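One structure below.
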Amino acid sequence: MAKIIGLIFLIVFAACMATVNYFNHFYARQALQSDAEQLLYQFHDALLEAHEVLDTLPDPEVFACNPETVKQLAYLTFEHPAVRLLGILHGDQQDCASEPILVDLSNYHERILSRSDHKVGENYFLSTAGQGAGHLDLLMIRAHGDARYFASINPFMVDYLAEFACLDCLEYDFVIDGLPKLEFKSRAMKQNSVIEYKTSRMEGALNVDLYVRGTEAFFDYYRELSWASTIVFSGLVASLIAFLSYKLLTLRQSLERVIKDAIKFNEFIPYYQPIVDSRNGAVIGAEVLARWQRSDGSVVPPYQFIPFAEDTGLILDITNRLVVRTAEDILKLQWQNGEKFMSINIVPDHLKTSELFDLITAQIEERNLSPASISLEITERMQIDDLQAARKSLEQFFDKGIELKLDDAGTGYGGFSYIQELGISTLKIDKMFIDTIEKDDVKSSVLEAIISFAKSSDLGMIAEGVEDQYQVDYLKQRGVFSIQGYVYGKPMPIGEFQDWLQARNATHSTS
Ligand code: C2E
Ligand code: CA
Ligand code: CA
């Protein structure tokens with residue numbers, strides 16, 4: 001069991017790792033999009049902030065550079081983080097700035113002020129400056145005659161985000177339309193980009209587009225980032241599933257133990273359901289149906305344990321118990337002369353050894369029963385792997401005078417090959433087809449087909465699950481007289497079955 005659990009753990013773990021890894025691409029794309037949206041949002045805020053700061057300053061022509069005014073500029077940039085640098089120019093001369101940095105503004109006069117392109121309002125211009133080596137600065141300029149302020153706008157988190165994820169794996173391009181066009185890049189990537197995302201925002205007449213591109217290295221970053229969590233996640237899922245499998249397996253084992261105990265303590269008992277000839281109401285036999293009578297007196301129906309018992313092979317022992325009990329009860333009912341039969345359900349596994357045959361012949365001999373008092377029924381619902389071997393095993397029963405019925409005829413694997421190969425003498429027509437009587441169901445044509453097939457092949461028929469007189473009459477008209485169903489009687493334990501038979505004899509002999 002430890003091996004199975006270990007294997008389950010490994011398979012689930014591997015499957016989880018593969019799945020999560022696949023989704024990492026998806027996460028990277030999501031991250032790229034949310035970065036871009038955030039960035040654009042901040043970009044707009046910065047534009048407004050720079051405008052506001054420049055607006056608060058006095059007319060540049062009256063602004064005199066001295067320690068006091070430099071302090072004022074420094075204070076303003078400190079107050080507005082989006083504005084990196086604030087300064088004043090007279091002519092081509094940078095007079096003073098918030099920090100003692102010289103911004104490369106050569107030829108700005110020709111580049112900017114002489115062009116109306118970059119005008120964003122009365123006396124306000126936008127331009128780039130100091131671009132190079134992957135560094136970018138956007139300038140907002142307020143002009144007044146020969147004097148002008150400039151505010152260098154921090155390109156907001158661009159570098160931070162790129163460095164946070166990976167160097168040179170992300171590139172941001174801003175395009176400002178409506179000027180008509182101002183374009184600037186965050187950095188030059190060394191690798192080709194593999195994903196791209198574009199987002200736009202309209203602010204007055206300004207339309208800002210942001211393009212973000214990421215390289216394979218950007219994916220790798222997310223792959224590595226989620227590596228640890230993938231292992232933890234996969235480990236947790238695999239442990240959970242391994243634990244549940246363990247519980248299920250031990251439950252199965254304990255159910256197996258409980259059933260084995262029940263076999264030991266003879267808790268599986270036969271119930272008998274009568275089979276009646278509808279022409280004269282005479283009981284012609286009964287089907288043996290297993291019930292699990294627990295020590296507390298409760299009775300467990302077959303669907304709760306038969307499938308499991310069949311799966312695990314425990315059905316073989318259960319059947320052995322039922323055979324012995326049935327043989328005893330045949331004597332109690334005085335059915336030993338073989339005029340009436342007890343029909344016992346078997347499964348294909350019963351035909352793999354001679355154990356069942358040996359047991360039944362021993363019972364017949366020991367109690368002096370007619371072999372005709374016992375018959376077998378095998379369901380068509382289960383596959384028989386080796387029909388020839390099964391047939392060989394069945395020959396022993398036939399030689400002895402024990403016949404075989406095909407249960408649930410028309411519902412399963414075997415079809416007519418079972419009938420031809422196995423030596424079936426009687427078909428038990430399943431309740432499924434009996435239920436189609438009265439309903440004008442398409443399946444009722446199947447019922448007709450089964451009946452005509454049985455007649456032409458000279459097979460006996462027993463209709464199962466017959467619940468009302470209408471069905472009895474319908475079947476009688478078509479030559480099906482052997483009826484098993486609630487219309488006559490439900491499955492009963494031996495005592496009740498004896499009483500039922502007695503009551504029936506009494507009414508039949510008086511009527
Ligand atoms: P099955 O062999 O087809 O047995 C007939 C089932 O139909 C029985 O259910 C019976 O009670 C039910 N039945 C009969 N007439 C009527 C009716 O008029 N109306 C309705 N609604 N039902 C009716 P049961 O006893 O619950 O058994 C269910 C199944 O369990 C059986 O179906 C059989 O496949 C399996 N089984 C029972 N005992 C054994 C056994 O000893 N060995 C094996 N291998 N299987 C068994
Ligand atoms: Ca049956
Ligand atoms: Ca059946």
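The values are calculated or read from the model by the stated rules, or taken from the named source; none is laboratory data. What you are looking at is a predicted structure, and each value in this text was computed from that prediction instead of being measured. Neighbour counts run over all protein chains shown; Cβ positions are idealised from the backbone, glycine included.
Quick rundown of the values:
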read-out	value
Candidate set: the range 398-439, residues that are polar (S, T, N, Q) and either within 13 Å of ligand 2 (Cβ to nearest atom) or touching a residue at least 40 places away in the same chain (Cβ under 8 Å) (or both); chosen: the one surrounded by the most Cβ atoms within 10 Å (Cβ to Cβ)	THR426
Members of the range 20-59 found to be charged (D, E, K, R), closer than 30 Å to SER152 by Cα and part of a helix (DSSP H, G or I), listed by number	ASP35, GLU37, ASP45, GLU49, GLU52, ASP55
Qualifying residue in the range 414-437 (condition: within 40 Å of the chain's Cα centre (by Cα), hydrophobic (A, V, I, L, M, F, W, C), within 16 Å of ligand 3 (Cβ to nearest atom) and over 23 Å from PRO274 (Cα atoms))	no
Some residue of the range 325-337 being within 14 Å of ligand 1 (Cβ to nearest atom) and within 40 Å of the chain's Cα centre (by Cα)	no
Where a residue in the range 344-356 is in the same structural domain as LEU394 (by TED's automatic domain parsing) and free of Cβ contacts under 8 Å to residues at least 60 places away in the same chain and its partner, wherever it lies, is away from ligand 3 (no atom under 16 Å from the Cβ) and outside any helix (DSSP H, G or I), with Cβ under 6 Å and at least six apart	PRO348/ILE384
Flag if LEU76 is assigned by TED's automatic domain parsing to the domain that holds GLN94, surrounded by 15 or more Cβ atoms within 10 Å (Cβ to Cβ) and not polar (S, T, N, Q)	yes
Output for the range 341-383, where each listed residue is of a type in the set (Gly, Ala, Ser) and surrounded by fewer than 20 Cβ atoms within 10 Å (Cβ to Cβ)	SER354, ALA362, SER370, ALA372
Restricting the range 147-172 to residues that are at pLDDT below 80 and assigned to a strand (DSSP E or B), the residue that is nearest to PHE218 (Cα to Cα)	LEU170
Meets criteria (modelled with pLDDT under 80 and either surrounded by 13 or more Cβ atoms within 10 Å (Cβ to Cβ) or not β-branched (Val, Ile, Thr) (or both)) for ARG187	yes
Lone qualifier among TYR197, TYR211, TYR246 - being in a helix (DSSP H, G or I), surrounded by 13 or more Cβ atoms within 10 Å (Cβ to Cβ) and outside the structural domain of ASP296 (by TED's automatic domain parsing)	TYR246
Unmet requirement for ASP386, which otherwise passes all of (1) modelled with pLDDT of 95 or more; (2) more than 16 Å from ligand 2 (Cβ to nearest atom); (3) not aromatic (Phe, Trp, Tyr)	(1)
Test: GLY338 is among the small types (Gly, Ala, Ser), within 14 Å of SER373 (Cα to Cα), surrounded by fewer than 20 Cβ atoms within 10 Å (Cβ to Cβ) and in the same structural domain as GLU365 (by TED's automatic domain parsing)	yes
Some residue of the range 130-139 being modelled with pLDDT of 75 or more and under 26 Å from GLU79 (Cα atoms)	yes
Pairs where the first residue, in the range 378-397, is hydroxyl-bearing (Ser, Thr, Tyr) and the second is away from ligand 3 (no atom under 16 Å from the Cβ), C-beta under 8 Å, 6+ apart	SER393/LEU351; SER393/LYS352; SER393/SER354; SER393/PHE357
Inter-residue pairs, beta-carbon under 9 Å, first on the phi < 0 side of the Ramachandran plot and not assigned by TED's automatic domain parsing to the domain that holds LEU289 and in the range 464-481, second acidic (Asp, Glu) and surrounded by 16 or more Cβ atoms within 10 Å (Cβ to Cβ), 6+ apart	none
Selection status of PHE308, aromatic (Phe, Trp, Tyr), outside any strand (DSSP E or B) and either at pLDDT 95 or above or more than 15 Å from ligand 1 (Cβ to nearest atom) (or both)	no
Top-ranked residue in the range 252-305 [being within 16 Å of ligand 2 (Cβ to nearest atom) and assigned to a helix (DSSP H, G or I); ranked as surrounded by the most Cβ atoms within 10 Å (Cβ to Cβ)]	PRO302
Sole exception among (1) loosely packed, with under 13 Cβ neighbours inside 10 Å; (2) within 16 Å of ligand 2 (Cβ to nearest atom) for GLY465, by number	(1)
Sole exception among (1) within 12 Å of ligand 1 (Cβ to nearest atom); (2) of a type in the set (S, T, N, Q); (3) more than 24 Å from MET342 (Cα to Cα) for GLN484, by number	(3)
Residue check, ARG391 more than 21 Å from PRO307 (Cβ to Cβ), of a type in the set (Lys, Arg) and either within 16 Å of ligand 1 (Cβ to nearest atom) or surrounded by fewer than 21 Cβ atoms within 10 Å (Cβ to Cβ) (or both)	yes
Residue satisfying all of: in the range 357-377; in contact (Cβ under 8 Å) with a residue 40 or more places away in the chain and more than 23 Å from SER417 (Cα to Cα); farthest from ligand 2 (Cβ to nearest atom) among these	ARG367
In the range 14-62, the residues that are small (Gly, Ala, Ser) and under 30 Å from VAL83 (Cα atoms)	ALA31, SER34, ALA36, ALA46, ALA50
Extreme residue, surrounded by the most Cβ atoms within 10 Å (Cβ to Cβ), among residues of the range 468-487 that are part of a loop (DSSP other than H, G, I, E, B), more than 16 Å from ligand 2 (Cβ to nearest atom) and of a type outside the set (Lys, Arg)	VAL480
